[in-house]
Structure formats: C-alpha cells, structure tokens
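Right, one structure below, let's go through it.
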Amino acid sequence: MTDIIIVGAGTAGMSAAIYGLRAGKSVLVFEAAAYGGQIINTPDIENYPGIAHVSGFDFATGLYNQMMDLGAELKFERVTSVEDAGDKKIVRTASNEYEAKAVILATGAKNRPLGLEREQEMIGSGVSYCATCDGMFFRRKDVVVNGGGNTALEDAAFLANYCNKVYLVHRRDAFRGDAAAVKELESKENVEFVLNATVTKILGEKKVEGVEVTDKLTGETRVIEAQGLFVAIGQMPENQAFADLVDLDAGGYIAAGEDCLTRTSGIYTAGDCRTKTVRQLTTAAADGAVAALAAAAGIK
Ligand code: NAP
C-alpha cells in the first residue's frame, strides 16, 4: 500500500509530492493529462517570491524533476473515484485500483467557457482558451481577449507581441488582475481596452470572423472584426467524482481547514480545487506542503 496518493500533478500536487517524500513517505501521483497543470500556459511568471522570471513550463519541469529525483511514482491515469475504507483509501481509475493510507486531492481547475452559442464547435477555428498554445496561429491578425484577471492580462500582453491588434474585453471598468500588468498593457499601442462590455456573439460561419460586444451600461452592441477569440474568464473545479467524500461549496470547490484536511479523515486537498480567496502559484505550493505534512503526520 502506498503511503500517500496525490490526485493531480499541478503545482499543488507536485509540491505535496516533494514534501511527502521528504517526510519519508512513499508517494504515487496520478495525472489525467500532462504534468504541470495550468501554469505551463504562463509564458513568464514574475510573482513567485525569490524567482524574478521563469516560464511556466520551466517552473513545472523543475517541480517534476525534483519530485521524480526524490522517488515519486507518476501514473497518467484519470482518477474516477476515491473510497474511504477507514485506515485504507481505495483510489480507482478507469483501468486499475490502488490503495493508500492518505489521499491528497489536488485536481486544480479547468477553463470556464463563456457559454456562447457555437463556442465549443469554434474551438480550433478561432476560439481558444490558451494564448501561449495558440497565439502563433494569429500572427499579424486581430484578436479579442475576454477577461479581466491575470490570465487575460498576460494573454493580451503575449498576443500583442505577435498580433496586429488586441482588443481586451472586460465586463467591468476595473481589472481584477495586477495593476503592473494593466500598466504594461496601457503602454502598448496595439492594445485597446473595451470595458464594461461582454462578448455576446461569435461571428463567422466556419471560423471566427469577429465578435459582437454589448456595452453593459448602455446596452449598445458593437462588432469587432477579429480572427481569434481568447477566452480567459477564470476556471471551474472538477470535483464531482469526490462529492460523497468531501464537502463541496456552491462553486464545486472542496472545503477544508487550514491543515487542508477535508471532512473525511485521511483525505486532504490542496491548490486551486479547494475553497480559498487567493489562487496563486505561491498558495498552491503552500497548500501542497501543508497537506503533505499533515498527511504524513497522520500516517501510523
Ligand atoms: P480570475 O482571476 O478569476 O479572473 C477571471 C476574470 O474573468 C475576472 O476579471 C472576471 O470578471 C471575468 N469573468 C468571470 N466570469 C465571466 C463571464 N461569465 N463573462 C465575462 N467575464 C467573466 O481568473 P484568471 O485570470 O484565470 O486567474 C485565476 C487565478 O490565477 C487568479 O488568482 C490569478 O491571479 C492567478 N494567475 C496568476 C498568474 C501569475 O501569477 N502570473 C497568471 C495567471 C493567473 P470580474 O473581475 O468582474 O469578476
């Protein structure tokens, strides 16, 4: 039986693995896609204390190498359920069943869609949720970024390097993201802020040719001609598989105390998948440490 199974190999999960291994416990990590989580899509991290600049990919690779060098086992299987059998936790994937003394749920969050008609079918035809992945396809073209958080601000800055024009549409007149990032965008000649506005329609038959934007204050609509729509309006958790084991808040995030313990003994949670006010790399890494040390301390 493994000491600690970690569900998710993002910043929180891999930080938990490092702390669990350094506490002398065996650690098995499950990841449904690629290791690294959301941060691999960030071109330049500037707010991790002690590191002035690092790409998300390099940061994630560093975490991965560190946990593997310490002896982590990583399996690319999607965890479909976790059962609490007292001192033993049974973790099921589509093809296998595993046992652990403690489990840390670090499932992160996925991109929230706008919910517009044809949004899903236009993915790959102009609609994207990842500027660093798809930005190069829009070289010298006009694009719209929707959102007001750090992701939208970073996406707009990244795209402004390649695109002819970047329209940043946000539903309020103040951005949620860092003031420094807003200031940087203000200095770029090819970036236009479209504030108090929401994207209400995707235009174009087979590929994106523009968007309709509605002014929230006046109700007036405006057509912006653009070949790309980058949606950056936050994330949603994916915790339904664990709903009978942990308490989920109204948004679907896992409730836990300061020690990252959920309502079930031996089941912990860490990172963006849990209820919290600040979702940052630093808080994800901190959660990983707290959850792993609490899990290790609880193992007899
Ligand atoms: P976020 O901070 O939750 O921001 C989401 C933005 O989308 C908000 O401005 C929100 O508007 C807007 N929004 C939400 N639902 C919407 C809808 N249905 N229609 C239109 N707009 C909508 O999400 P995020 O930018 O992805 O960032 C997530 C977390 O990661 C944050 O804590 C962020 O600071 C962090 N992050 C950090 C870095 C970094 O440290 N380098 C980089 C990227 C992200 P309102 O403001 O009006 O609510």
So which strands (runs of 3 or more DSSP E) are wholly in the range 40-152 and hold at least 3 residues that are open to solvent by 40 Å² or more (accessible area, probe 1.4 Å) and more than 16 Å from the ligand (Cβ to nearest atom)? 79-85, 97-105
Just wondering, is there one or more residues in the range 155-168 that are outside any strand (DSSP E or B) and under 23 Å from P237 (Cβ atoms)? yes
Condition (residue is touching a residue at least 40 places away in the same chain (Cβ under 8 Å), within 16 Å of V290 (Cα to Cα) and open to solvent by 60 Å² or more (accessible area, probe 1.4 Å)) applied to the range 5-19: is it met by at least one residue? yes
With the checklist (1) under 30 Å from K206 (Cα atoms); (2) within 16 Å of the ligand (Cβ to nearest atom); (3) open to solvent by 30 Å² or more (accessible area, probe 1.4 Å) in hand, flag the one item A250 doesn't pass. (1)
Name the one entry in A270, A197, A241, A232 that is at pLDDT 95 or above and open to solvent by 20 Å² or more (accessible area, probe 1.4 Å). A241
The condition of being more than 18 Å from T198 (Cα to Cα) and of a type outside the set (D, E) holds, among R112, R139, R118, only for R139
Check on V223, in contact (Cβ under 8 Å) with a residue 24 or more places away in the chain and either buried (at least 22 other Cβ atoms within 10 Å of the Cβ) or more than 22 Å from A102 (Cα to Cα) (or both): no
Would you confirm whether or not the range 253-267 contains a residue that is closer than 30 Å to L159 by Cβ and either at pLDDT 95 or above or in a strand (DSSP E or B) (or both)? yes
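The values are calculated or read from the model by the stated rules, or taken from the named source; none is laboratory data. Everything numeric here is computed off the predicted structure, so don't read it as measured data. For neighbour counting, all protein chains shown are included, and Cβ atoms are generated from backbone atoms with ideal geometry for every residue, glycine included. Heavy atoms of the whole protein, side chains included, go into the accessibility calculation; ligands, DNA and RNA do not. Shrake-Rupley method; radii C 1.70, N 1.55, O 1.52, S 1.80 Å.
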